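The values are calculated or read from the model by the stated rules, or taken from the named source; none is laboratory data. Here the structure is a predicted model, which means the values were calculated and not measured. No Cβ is skipped: glycine too gets one built from the backbone with ideal geometry, and neighbour counts run over all protein chains shown.
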Amino acid sequence: MKERIYVCHTFYHVYIACLKELDLPGAKRGQAALVLSTMSNDFGDLKARAECSGLFRQVFIFDEKEEHFFPVLEKYHRNRGNLLLHMLSRMRFCKLLGKLQEPYVPVDFRQYQDIYVFCDSDPIGYYLSWKKIYYHALEDGLDCIRYYDTARYDNRGHFRLKAFLASKNLIFIQNGWGKYCLDMEVNDISVLDYPCPKYVECPREKLAERLTEADKDCLLGIFLENKKKLVEQLAQGDNHENKILVLTEPLCDLKTRERIFRDIIGLYGKGAQVILKPHPRDVLDYEALFPDCVVLSGRFPMEMMNFLPDIHVKKVISVFTVPSSIRFAEETVFLGEDFMDKYEAPEIHRQNEQIK
């Protein structure tokens, strides 16, 4: 039986998978497989660079399909007007969504001793539960459950009943509530308002602190398509003591998104050189709309900038991306829900406040 396999949906997921592999003794490295799901992310040439790194035995591309790809599933979302009928419909939906993924799954997961899945709310979680394959779940983003507990939000009303049904594999609930989820790895349990018996804590910062210079070079080789260009972009301009980095996110519609980041630059960018780091799923054309800013590639996790020499900015500003892992800035600014209230209805982004 093969040792480990990681199912990743974002660059950040791959970064955490790499940290976990680099935390192992040298003799155990290079034995794991990596699965890159293209459902919501374009990984570009990452597969080739990961294969060349020596950190992974194999790298697979997974053409994971959203539920909307299968029209047959639509009927299971109709309002039955009755809790029992709704649960019966949901039972059928969960099993069928898992089954429909099978033609697209690129690897036999039963061959692996340990399966690590980021964001098991995606169809891969339904697939593994349908196949009755045990796996480890991992937090989608840094401390993301603190701000959006998707398992409890998606299952508001009769949560205990739904959690019981999930524990029997009659329905599926993500983030540690499914029968075949062995545990749910999070960065910091102390910041989470709602408990889950399967939560296990693995601080990301401790993994990063253990990296050697060779490990950092390995990570930079995996994630940076053009390290020289990035270093040159970050060195542009004369006002080095007053650089700010704005992390974009795929918020709202495109016009509102443009207004959000124009407002952020207006608030924090006066007299500063503004650098924009687009989110990988953000399709707004920042180079065209913000010609006075330095626009970086979106195809690498921001943590890579921690490993570049002589990189320093005065402030990093984000809306919902948790910036606590950034070590190249004097100050980090997390704008959060109060800021977003000005741009969309509060109930859209204040999910945890609606959990009962």
Among the residues of the range 264-273, the number that are touching a residue at least 60 places away in the same chain (Cβ under 8 Å) and either assigned to a loop (DSSP other than H, G, I, E, B) or surrounded by fewer than 21 Cβ atoms within 10 Å (Cβ to Cβ) (or both) is 1
Report, by residue number, each residue of the range 105-127 that is farther than 20 Å from residue 164 by Cβ and surrounded by 17 or more Cβ atoms within 10 Å (Cβ to Cβ).
105, 109, 112, 115, 116, 117, 118, 119, 122, 123, 124, 127
Based on this model, can you work out whether residue 236 counts as in contact with a strand residue (DSSP E or B) (Cβ under 9 Å, 6 or more places away or on another chain), crowded, with 16+ Cβ neighbours inside 10 Å and of a type outside the set (Val, Ile, Thr)?
no
List the number of the failed condition for residue 57; all other conditions in (1) within 30 Å of residue 307 (Cβ to Cβ); (2) assigned to a helix (DSSP H, G or I) hold.
(2)
Residue 82 is checked against (1) at pLDDT below 95; (2) more than 22 Å from residue 154 (Cα to Cα) and fails just one. What number does that condition carry?
(2)
Lone qualifier among 6, 15 - being part of a helix (DSSP H, G or I) and surrounded by 19 or more Cβ atoms within 10 Å (Cβ to Cβ)
15
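Hey, among the residues in the range 74-96 that are touching a residue at least 40 places away in the same chain (Cβ under 8 Å) and surrounded by 15 or more Cβ atoms within 10 Å (Cβ to Cβ), which one's farthest from residue 35 (Cα to Cα)? Quick ask: steps written out before the conclusion?
Our first condition is that a residue be touching a residue at least 40 places away in the same chain (Cβ under 8 Å); within the range 74-96, this holds for 83, 87, 90-91, 94.
Retained after the next criterion (residues that are surrounded by 15 or more Cβ atoms within 10 Å (Cβ to Cβ)): 87, 90-91, 94.
On the way: 87: 32, 90: 28, 91: 27, 94: 22 Å.
It comes out as 87.
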Filter the range 106-131 for residues that are in a loop (DSSP other than H, G, I, E, B) and either under 29 Å from residue 203 (Cα atoms) or within 20 Å of the chain's Cα centre (by Cα) (or both) and give the result.
119, 120, 121, 122
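State the number of residues belonging to the range 336-347 that are aliphatic (A, V, I, L, M), surrounded by fewer than 17 Cβ atoms within 10 Å (Cβ to Cβ) and touching a helix residue (DSSP H, G or I) at 6+ places or on another chain (Cβ under 8 Å).
Total meeting the criteria: 0.
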Residue 276, sole failed condition from (1) in contact (Cβ under 8 Å) with a residue 12 or more places away in the chain; (2) within 23 Å of the chain's Cα centre (by Cα); (3) farther than 22 Å from residue 43 by Cα; (4) not in a loop (DSSP other than H, G, I, E, B)
(3)
